[in-house]
Amino acid sequence: FLAQLKLKPGMIFLDIGCGIGGSVRFAVSAYDVKASGLDLTPEFIATAVALNEASGMANNPSFKTGSALDLPFGDGHFDAAFTIHTAMNIADKTAMYREAARVLKSGAVFGIYDIMALEGGGALEFPVPWSSDPETSFLVLPKEVMTMLDAAGFEVIHDESRREMALEVMRKTQGDGPAPVRKADFAQKAINLERNLEAGCCAPHIVICRKR
C-alpha cells in the first residue's frame, strides 16, 4: 500500500486516523518522510507519543488530537497523505475527503485502505473489529467512494479489492488466541469479520488518487 504512494525522502506526510501511530512511524522509518499523525481519541495520541519516545523517534512523526472532518492544518500543507481503516466509522465521508484535499498540495497523492461494502452482500454480522453495532459502522460501496473523491477534487489512479488476501490471512490465523491487550470480545469480532468476508458483505479495498 505505502509503495503505491511513491513517498520520497523529505516529503511532508499526513496519516488521518493514525491510532497509536504504527503505520506513520513505519512510513517515517522506511521512506524518511517528515510526518504528522492525527486521531480523534486523546488516549491513542498519548500512547503514540509515548511509543515515539520509546522508539527514539523524537518529534517525527508528530501527533495531534483532532477530527478528520476539520483537520488542524493549513491549506496545501502536505505532499501526500493516507488513511487506514478509519472511514468505516465516519458517516460524512464527503467532508473527510474534502478536508484531505484541502490540506494536500496540487498533484499530491492520497491513499485509502478501508473496509468497504460489496454489491448484494447483505447486512453485516456484528460485532466487527471497527464497530460493536450498526450505529457506528458506515460502510459504503467502492463506486460511492470514487464519486465522493471526484467531488472532493481527486483523480483515482488505482483501486483494488483485497478480499482474497484478507480471507487468506484470516484462515491462517484462525484459532489464534487473543493478545493480552485485546478486549474480551476480540475473538468474536474476528470470527464475524471472516464470516462477513466469506459472505461477500464487505472487503478491504485500496484506492490511490491524486489531487487535481
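The values are calculated or read from the model by the stated rules, or taken from the named source; none is laboratory data. Owing to the predicted nature of the structure, the values given are computational and were not obtained by experimental measurement. Virtual Cβ from ideal backbone geometry, glycine too; neighbours counted across all protein chains shown. SASA here: full protein model, heavy atoms, side chains in, ligands and nucleic acids out. Shrake-Rupley method; radii C 1.70, N 1.55, O 1.52, S 1.80 Å.
General observations
- For the range 160-168, 3J(HN,Hα) computed residue by residue from phi via the Karplus equation (6.51, -1.76, 1.60; θ = phi - 60°) reads 7, 7, 10, 4, 5, 4, 4, 5, 4 Hz, glycine and proline entered as x.
- Rough spin-label spacing in nm, given labels placed 7 Å along Cα→Cβ, for Thr94 and Glu164: 3.6 nm
- Other-chain or far-sequence residues with amide H under 5 Å of His205's (modelled H): Asp114, Ile115, Met116, Arg162
- Spin-label zone in the range 69-99 - amide nitrogen under 11 Å from a point set 7 Å from the Cα of Ala151 along the C-beta vector: 92-98
- Less than 5 angstrom separates the built amide H of Phe63 from those of Gly37, all sequence-distant by 5 or more or on a different chain.
- Comparing mean-square fluctuations of Gly37, Gly200, Gly19 from a GNM of the chain with C-alpha springs under 10 Å, the top value falls on Gly200.
- Sparse-neighbourhood loop sites, GluC sites (Glu not before Pro) in the range 17-124 - DSSP loop, at most 13 other Cβ within 10 angstrom: Glu119
- Protein accessible area in the chain, 1.4 Å probe - carbon and sulfur %: 55 percent
- Distant-in-sequence amide H partners of Met11 (H built 1.01 Å from N, under 5 Å): Lys34
- Within-10-Å neighbourhood charge of Gly17 [Cβ basis; K, R +1; D, E -1]: -3
- FRET efficiency for Met57 and Val140, using Cβ-Cβ distance with R0 set to 35 Å, rounded to 0.05: 0.50
- Each residue, Lys64 and Arg171, gets one label point 7 Å from its Cα in the Cβ direction; the gap between the two is 4.4 nm.
- Over the range 82-192, the ratio between the Cα radius of gyration and 2.2 N^0.38 Å evaluates to 1.21.
- Length released on extending from Thr41 to Arg195, taking residue separation times 0.36 nm less the Cα-Cα span: 52.6 nm
- Lysine pairs in the chain with Cα atoms under 22 Å, if 8 or more residues apart or on separate chains: 18
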